Amino acid sequence: MDKQPDIRGIGMTSPRTRGRLVARLRERGISNEILLDVINGTPRHLFVDEALSHRAYEDTSLPIGYNQTISQPYTVARMTELLLEEGTPRRVLEIGTGCGYQTAILSGLVEKVYTVERISALLDRAREHLKTLGVRNVQFKHDDGNLGWPERGPFDGIIVTASPRHIPAELLAQLEPGGRMIIPVGTDEAQHLTLVRATDEGYETEVMEKVKFVPLLAGRS
C-alpha cells in the first residue's frame, strides 16, 4: 500500500511552524488576512521532496526538479496579494503550475483556477498534490505557457510564475477589461515584478519590485 502523505505535519512541518511563517509574512508587509489564513492552512511541505520537508516553512525558494523551483513564500504571498488588491477575481489563469503550491493558494481564494504547465511530469505531480488536498476548482493543461489558455478566456486575473523577456501578447489578449496580470519580466540578470491592468483603452503597467524567477520557456516537454 502506498504511504499516505502527512498533511498536518509534525516537528519542522507542524502547524505551529507554519504559523511562524505566516507571522514573518505579516512582518514583511503582507496584510490580506484572508490570504494569510489560506497560506496558514496550506501544507507547503506536501509540495516539496521529503528530503527538503524540514525546510518547507523557511521563507525561501526550493528546488522541485527539472530545473524548476517552488517560489519563496513571500513572493507567492506578494503576487497573490497584488492580484487581489482591487477585489477578488473570479476566474484566474496561472502560467507555470510547477509543483502546484501557488495553484493551491489561489484555489482557496478564487472561484476557478486554470493552470498551464509545460513539463508534463510536474503537472502530474501537481494534480496529485491538489487531489490529496481535496481541491476541486482547478483545471490543468499541459502546454506552452506563452500561449495561455484562449479556449477558457478571457480571465479577470492572470498570474505568471516564470519570467519572459517581454509580456506575451497572447496573455494580454486573454485579460479582460478591468482584469489584472501579475508577471515577472526581464532577463536572468534583471527581472521586475510587473502589474498589468487591462482597460477599455489598452493596458497600464506598473513595475513593483525586483524578483528572481526561472525563465518562461517556449514549447512543452
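The values are calculated or read from the model by the stated rules, or taken from the named source; none is laboratory data. Since this is a predicted model, take the numbers as computed values, not measurements. Cβ: placed from backbone, ideal geometry, glycine included. Neighbour counts: every protein chain shown.
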Set Ala162, Ala169, Ala218, Ala126: member being within 17 Å of Gln68 (Cβ to Cβ), loosely packed, with under 13 Cβ neighbours inside 10 Å and of a type in the set (A, V, I, L, M, F, W, C)
Ala218
Conditions (1) touching a residue at least 24 places away in the same chain (Cβ under 8 Å); (2) loosely packed, with under 13 Cβ neighbours inside 10 Å; (3) under 18 Å from the mean Cα position of the chain (by Cα): number failed by Asp188:
(3)
Quick one: would you say Leu130 is within 20 Å of Ile39 (Cβ to Cβ), at pLDDT 95 or above, aliphatic (A, V, I, L, M) and touching a Gly at 6+ places or on another chain (Cβ under 6 Å)?
yes
Under 9 Å by Cβ, and 6 or more places apart or on different chains, what pairs join a residue from the range 27-43 that is among the acidic types (Asp, Glu) with one that is assigned to a loop (DSSP other than H, G, I, E, B)?
Asp37/Gly108
Please name all residue pairs, on different chains or six or more residues apart, with Cβ atoms under 6 Å, provided the first residue is in the range 135-147 and is closer than 15 Å to Gly100 by Cα and without any contact (Cβ under 8 Å) to a residue 12 or more places away in the chain and the second residue is among the charged types (D, E, K, R) and in a strand (DSSP E or B).
none
Between Val196, Val211, Val160, Val185, which is out of contact with any Asp or Glu (no Cβ under 9 Å at 6 or more places or on another chain) and at pLDDT 95 or above?
Val185
Please specify each residue of the range 146-203 satisfying the condition of being more than 20 Å from Val113 (Cβ to Cβ), of a type in the set (Val, Ile, Thr) and assigned to a strand (DSSP E or B).
Val185, Thr194
Report whether or not Gly96 is under 18 Å from Phe155 (Cα atoms) and not polar (S, T, N, Q).
yes
Checking His129 against (1) out of contact with any Lys or Arg (no Cβ under 7 Å at 6 or more places or on another chain); (2) under 17 Å from Val76 (Cβ atoms); (3) without any contact (Cβ under 8 Å) to a residue 40 or more places away in the chain, which test does it fail?
(3)
In this structure, does Glu151 turn out to be out of contact with any helix residue (DSSP H, G or I) (no Cβ under 9 Å at 6 or more places or on another chain), at pLDDT below 95 and charged (D, E, K, R)?
no
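Condition check ((1) in contact with a Ser or Thr (Cβ under 7 Å, 6 or more places away or on another chain); (2) over 26 Å from Val113 (Cα atoms); (3) modelled with pLDDT under 95) across all residues:
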| site | (1), (2), (3) |
| --- | --- |
| Leu25 | no, no, no |
| Ala56 | yes, no, yes |
| Thr60 | no, no, yes |
| Tyr66 | no, no, yes |
| Thr69 | yes, no, yes |
Qualifying residue in the range 163-182 (condition: closer than 23 Å to Glu81 by Cβ and either of a type in the set (Ser, Thr, Tyr) or out of contact with any strand residue (DSSP E or B) (no Cβ under 9 Å at 6 or more places or on another chain) (or both)):
yes
Restricting attention to helices (runs of 4 or more DSSP H) lying wholly within the range 51-139, give those where 3 or more residues are among the charged types (D, E, K, R).
120-132
Going by the conditions given, is Gly153 in contact (Cβ under 8 Å) with a residue 60 or more places away in the chain and within 15 Å of the chain's Cα centre (by Cα)?
no
